[in-house]
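**Q** My structure is below; once you've seen it, I'll send some questions.
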Amino acid sequence: MIIAIDGPAAAGKGTLAKRLAKHFNFSYLDTGALYRAVALTMLRAKHNPSDIALAAQVSAHLDLDILSDPDLRREETGQAASQVAAIPEVRANLLNFQRQFASRPPEDKAGAVLDGRDIGTVVCPTAAVKIFVTASAEERAKRRFHEQKERVGHADYDEILADVVSRDDRDMNRSDAPLKPAENAHLLDTTKLDIDAVFDVAVKLVQSAQ
Ligand code: CDP
Ligand code: CDP
């Protein structure tokens, strides 16, 4: 069984996906981390993240060790990730890995949960359950603000809000695999829902598809 979780930045995709994976004993893939890994490799090499040829090359030979680098979570990396993610060659290079992860979970796992932007539309269009999580930009910026404050001790709400809005805008308006709900996705607005409430709704959706 495959569960696809999509949505804009800081909507709560990762939190929900990880919890579902634990609850149902599924494997979990944070597909945004792959785009962030390409972006961070580009930034470290002082490449322009929009350079098609270089981004294509980096994504074709991605060193997965960088997935554990703390700089992966920085908003600067997120912005560059959304630049490399607009390049079709990069998306094509990362697609196989994601599909294989989804279709071949380890033997001890009952299925896979993937979160990202195009899981329900492109990576796993036949997923048994598709959930599109949203929340207002202000609420999402507030969540990132608290997260960043805890992680590095300081954060600027207005800057975070502007970053979230510009990243969503780029993700929604690219021509290849734009951020949008799949036709048969369940829309879940989490603006006024806490993590437990979101999890309860999602568990019921998965159970009714089992
Ligand atoms: O993966 P994504 O960027 O969509 O979001 P996340 O990393 O799962 O969640 C961003 C932050 O919002 C985390 O600190 C979560 O604890 C928090 N969150 C929340 O406060 N309420 C929710 N309903 C979901 C997430
Ligand atoms: O955690 P957050 O929601 O802030 O971002 P992320 O899931 O780590 O994704 C970072 C960026 O990678 C996004 O802004 C997208 O541009 C890109 N991405 C994508 O295009 N397709 C995916 N399946 C996942 C991420």
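The values are calculated or read from the model by the stated rules, or taken from the named source; none is laboratory data. It should be emphasised that the depicted structure is a prediction, and the values quoted were computed from it without experimental measurement. In this analysis, Cβ positions are derived from the backbone assuming ideal geometry, glycine residues included, and neighbour counts consider all displayed protein chains. Ligands, DNA and RNA are stripped out before the accessible areas are found, and what is left, the full protein with its side chains, is counted by its heavy atoms. Shrake-Rupley method; radii C 1.70, N 1.55, O 1.52, S 1.80 Å.
**Q** Would you mention how many residues in the stretch 65-77 are under 20 Å from Arg117 (Cα atoms) and at pLDDT below 95? Can you show your working first?
**A** Going residue by residue through the stretch 65-77, those that are under 20 Å from Arg117 (Cα atoms) are 67, 72-77.
Those still in the list that are at pLDDT below 95 too: 73-76.
Of the residues in that region, 4 qualify.
**Q** For residues that are in a helix (DSSP H, G or I), charged (D, E, K, R) and away from ligand 2 (no atom under 13 Å from the Cβ), tally how many sit in the stretch 1-46. Quick ask: steps written out before the conclusion?
**A** Initial filter on the stretch 1-46 (in a helix (DSSP H, G or I)): 13-24, 31-44.
Still in the running and charged (D, E, K, R): 13, 18-19, 22, 36, 44.
Within this subset, residues satisfying the condition of being away from ligand 2 (no atom under 13 Å from the Cβ) are 19, 22, 44.
Of the residues in that region, 3 qualify.
**Q** Here is a further query. Give me the pairs: first residue in the stretch 10-23 and closer than 28 Å to Val165 by Cβ and open to solvent by 10 Å² or more (accessible area, probe 1.4 Å), second residue modelled with pLDDT under 95 and more than 15 Å from ligand 2 (Cβ to nearest atom), beta-carbon distance under 7 Å, and six or more apart or on different chains, which are they?
**A** Every condition considered, no pair remains.
**Q** Would you point out which residue out of Ala162, Ala202, Ala177 is modelled with pLDDT of 95 or more and at positive phi? Please lay out each step first, then the result.
**A** Details: Ala162 fails: at positive phi; Ala202 fails: at positive phi.
None of the other options fit; the residue is Ala177.
**Q** Something else about it: Suppose the filter is surrounded by fewer than 19 Cβ atoms within 10 Å (Cβ to Cβ) and at pLDDT 95 or above; does Glu138 pass it?
**A** Details: surrounded by fewer than 19 Cβ atoms within 10 Å (Cβ to Cβ): yes; at pLDDT 95 or above: yes.
Considered against the rule, which asks whether it is surrounded by fewer than 19 Cβ atoms within 10 Å (Cβ to Cβ) and at pLDDT 95 or above, Glu138 comes out as yes.
**Q** Now for a different question. Among (1) open to solvent by 50 Å² or more (accessible area, probe 1.4 Å); (2) closer than 24 Å to Val58 by Cα, which single condition is Arg91 missing?
**A** Answer for Arg91: the failing condition is (1).
**Q** Same structure, new question: Which of the residues spanning the stretch 40-60 are open to solvent by 50 Å² or more (accessible area, probe 1.4 Å) and among the polar types (S, T, N, Q)?
**A** Within the stretch 40-60, Asn48, Ser50, Gln57 meet the criteria.
**Q** Same structure, new question: Of all the helices (runs of 4 or more DSSP H) wholly in the stretch 74-185, which have at least 1 residues that are within 12 Å of ligand 1 (Cβ to nearest atom)?
**A** Because the criterion is at least 1 residues that are within 12 Å of ligand 1 (Cβ to nearest atom), the helices (runs of 4 or more DSSP H) in the stretch 74-185 that meet it are 75-84, 137-152, 157-173.
**Q** Continuing with this model, one more query. Residue pairs, Cβ under 6 Å, 6 or more apart or interchain, first in the stretch 65-85 and surrounded by 15 or more Cβ atoms within 10 Å (Cβ to Cβ), second outside any helix (DSSP H, G or I). List them.
**A** Filtered contacts from the stretch 65-85: Ala80/Pro49; Gln83/Pro49; Gln83/Ser50; Val84/Pro49.
**Q** Among residues belonging to the stretch 186-210 that are in a helix (DSSP H, G or I), in contact with a strand residue (DSSP E or B) (Cβ under 9 Å, 6 or more places away or on another chain) and in contact (Cβ under 8 Å) with a residue 24 or more places away in the chain, point out the one that is farthest from ligand 1 (Cβ to nearest atom).
**A** Looking at the filtered set, the residue picked out is Ala209.
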